[in-house]
């Protein structure tokens, strides 16, 4: 179950510690390669606190002349990043919803905050023709190769075990491509296309996935009809995504998993069979993959299997999953 080789897992007490450790990992990559470092970026709610931390750390470290979290270590500015490559982007986004694109997300949460303006790459959200998307995905692969590949790829974990927009049963050899999205993924993503008042009208906390409420059977016919209208008219059901094969070619992978909603997916990823039915299990085939999880994301069985300390403030390191 645990060996000296395989996927590494660190369990931190809370989200704040998860993003601090992630920031340390990014700094380690930059110190090892201060010129030419290529970062693969990810989006979604899990990444928001990470990017807020990176922006704070960049500003504070500039004022202190040392890294704000690593004491005497010199801080390497994120402006030294040679290029970034986003995992994915929606396909067929209505112009009115540019603010929900992943390009807009990255500009808002990271690029504009740390002064990253050049060589920030994502698939083009404006593409709405499948053949154009196919050619653009091929060009994206070529662009990644032209810079020598990705040094560190950030990842989140989907509720159904997807990584990027590689839905269950995507091939581990898949490349950047246009893909249809699983209904669970579309429902989860609806949070970004609902106004706060609309979310509350559905009994959902703004910014949270409406999935659990939808499957609970508690909505009225009117609420369910409204939500289906949102899914049909606002939320994209396709995306351009790096393939699993593309992701696995990154020299190092760093996945962040936070919150109780990810427990089942994390359990399957760590201790289920390595299978295309759970795309995230592909990380267990990589030579340098690290998962940073908070305690909320760990169910009781996983806690027992990894020997999670009872102290809620303890960080568990050194777990390796084969």
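The values are calculated or read from the model by the stated rules, or taken from the named source; none is laboratory data. Predicted model only: the values in this text are computed from it and were never measured. Because the Cβ atoms are built from the backbone with ideal geometry, glycine has one as well, and the counts that use them run over all protein chains shown.
Scanning the stretch 231-258 for residues that are touching a strand residue (DSSP E or B) at 6+ places or on another chain (Cβ under 8 Å) and either surrounded by fewer than 16 Cβ atoms within 10 Å (Cβ to Cβ) or modelled with pLDDT under 95 (or both) turns up 236, 237.
If you go through the stretch 244-260 one residue at a time, do you hit one that is under 27 Å from residue 122 (Cα atoms), more than 14 Å from the chain's Cα centre (by Cα) and in a strand (DSSP E or B)? Within the stretch 244-260, one or more residues are under 27 Å from residue 122 (Cα atoms), more than 14 Å from the chain's Cα centre (by Cα) and in a strand (DSSP E or B). For residue 222, indicate whether it is at pLDDT 95 or above and either more than 25 Å from residue 267 (Cα to Cα) or out of contact with any strand residue (DSSP E or B) (no Cβ under 7 Å at 6 or more places or on another chain) (or both). Yes, satisfied. Within the stretch 300-322, the set of residues being assigned to a loop (DSSP other than H, G, I, E, B) and touching a residue at least 60 places away in the same chain (Cβ under 8 Å) comprises 308, 312, 313, 314, 315, 322. The residues of the stretch 48-86 that are closer than 30 Å to residue 208 by Cβ, part of a strand (DSSP E or B) and out of contact with any helix residue (DSSP H, G or I) (no Cβ under 7 Å at 6 or more places or on another chain) amount to a single one, 84. Evaluated against (1) under 20 Å from residue 266 (Cα atoms); (2) buried (at least 16 other Cβ atoms within 10 Å of the Cβ); (3) free of Cβ contacts under 8 Å to residues at least 60 places away in the same chain, residue 194 falls short on exactly one condition, (1). Cβ separations smaller than 6 Å between residues 6+ apart or across chains give the following pairs from the stretch 85-108 residues that are under 15 Å from residue 121 (Cα atoms) to residues that are modelled with pLDDT of 95 or more and assigned to a helix (DSSP H, G or I): 85/144; 86/102; 89/102. State whether the residues of the stretch 156-174 include one that is part of a helix (DSSP H, G or I), crowded, with 21+ Cβ neighbours inside 10 Å and touching a strand residue (DSSP E or B) at 6+ places or on another chain (Cβ under 9 Å). No, the conditions are met nowhere in the stretch 156-174. Close contacts from the stretch 10-37, counting a first residue that is at positive phi and a second that is at pLDDT 95 or above and in a strand (DSSP E or B), with Cβ to Cβ under 9 Å and a gap of 6+ residues or different chains, come to 36/83. Say we look at the stretch 35-76 and pick out the residues that are loosely packed, with under 14 Cβ neighbours inside 10 Å and under 24 Å from the mean Cα position of the chain (by Cα); which of these is farthest from residue 88 (Cα to Cα)? Ranking the candidates gives 59 first.
Per the listing 273, 210, the residue uniquely closer than 30 Å to residue 292 by Cβ, free of Cβ contacts under 8 Å to residues at least 24 places away in the same chain and surrounded by 18 or more Cβ atoms within 10 Å (Cβ to Cβ) is 210.
Just checking, does the stretch 288-296 include any residue being surrounded by fewer than 17 Cβ atoms within 10 Å (Cβ to Cβ), modelled with pLDDT of 95 or more and either over 22 Å from residue 15 (Cβ atoms) or not assigned by TED's automatic domain parsing to the domain that holds residue 159 (or both)? Yes.
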